[in-house]
Amino acid sequence: MEENIAQGTFEKTKLEEGFYLLKFQNLNKTAVKVQRNINSSFIQFHFSGKGENRFFFNNGGYKISLHEENSLLLYNPKRDLPIDLELEPNGWVVSIVISIKKFHALFSEEAGYISFLNLENRDKQYYKDVPLSPGMVIALNQVQNYNVRSTIRNL
């Protein structure tokens, strides 16, 4: 499902129940804000392909910059973290939003090795900003620029 936002596009693809791919793109020459409701049962992985994009929290009282070719992991089990994103001109971000239940199912045996899922941190908020490797940048560009018919997009 693709929809036009102010001066860009937003595309949401449901990969499975509790597992979504979101694509945000600003096609304008000025910054554009995008907002989406995401509740506390989801982990968010954001990947900036282009632009110095910014996430806002607490009604704009706090912001985190997501630099070009960087990723940001967001998780807070105690409060909803809606997406409040400002995209730079020609900027784009690809996001994966996955329920904690689905994420645990993917990594059930390895959950103890993932720092924010271990018993000590399970109920704590977690934010991590990491640069993308060259291989991840290539994969991110492929996800952003794929062009297939909507009938086979989920595949």
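Would you check if there is a residue in the stretch 74-84 being open to solvent by less than 40 Å² (accessible area, probe 1.4 Å) and of a type in the set (D, E, K, R)?
Looking for residues that are open to solvent by less than 40 Å² (accessible area, probe 1.4 Å) and of a type in the set (D, E, K, R), one finds at least one in the stretch 74-84, hence yes.
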message: On the basis of being closer than 22 Å to Lys12 by Cα, modelled with pLDDT of 90 or more, out of contact with any helix residue (DSSP H, G or I) (no Cβ under 7 Å at 6 or more places or on another chain) and not in a strand (DSSP E or B), does Glu68 make the cut?
response: yes
statement: Ile96 fails exactly one of (1) aliphatic (A, V, I, L, M); (2) under 18 Å from Asn145 (Cβ atoms); (3) over 14 Å from the mean Cα position of the chain (by Cα), namely (3)
task: Confirm whether Tyr62 is out of contact with any helix residue (DSSP H, G or I) (no Cβ under 9 Å at 6 or more places or on another chain), modelled with pLDDT under 90 and open to solvent by 40 Å² or more (accessible area, probe 1.4 Å).
output: no
Enumeration of residues in the stretch 85-104 that are under 14 Å from Phe10 (Cα atoms) and open to solvent by 20 Å² or more (accessible area, probe 1.4 Å): Glu86, Asn90, Trp92, Ile96
Given (1) assigned to a strand (DSSP E or B); (2) more than 24 Å from Pro134 (Cβ to Cβ), index of the condition Leu21 fails: (2)
statement: Scanning the stretch 71-95 for residues that are assigned to a loop (DSSP other than H, G, I, E, B) and either at positive phi or of a type in the set (Phe, Trp, Tyr) (or both) gives Asn90
- prompt: If you go through the stretch 107-122 one residue at a time, do you hit one that is exposed (fewer than 14 other Cβ atoms within 10 Å of the Cβ) and modelled with pLDDT of 70 or more?
  reply: no
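The values are calculated or read from the model by the stated rules, or taken from the named source; none is laboratory data. What you see is a predicted model, and the numbers here were worked out from it, not measured in a lab. No Cβ is skipped: glycine too gets one built from the backbone with ideal geometry, and neighbour counts run over all protein chains shown. Calculation scope for accessible area: heavy atoms of the full protein, side chains included, ligands and nucleic acids excluded. Shrake-Rupley method; radii C 1.70, N 1.55, O 1.52, S 1.80 Å.
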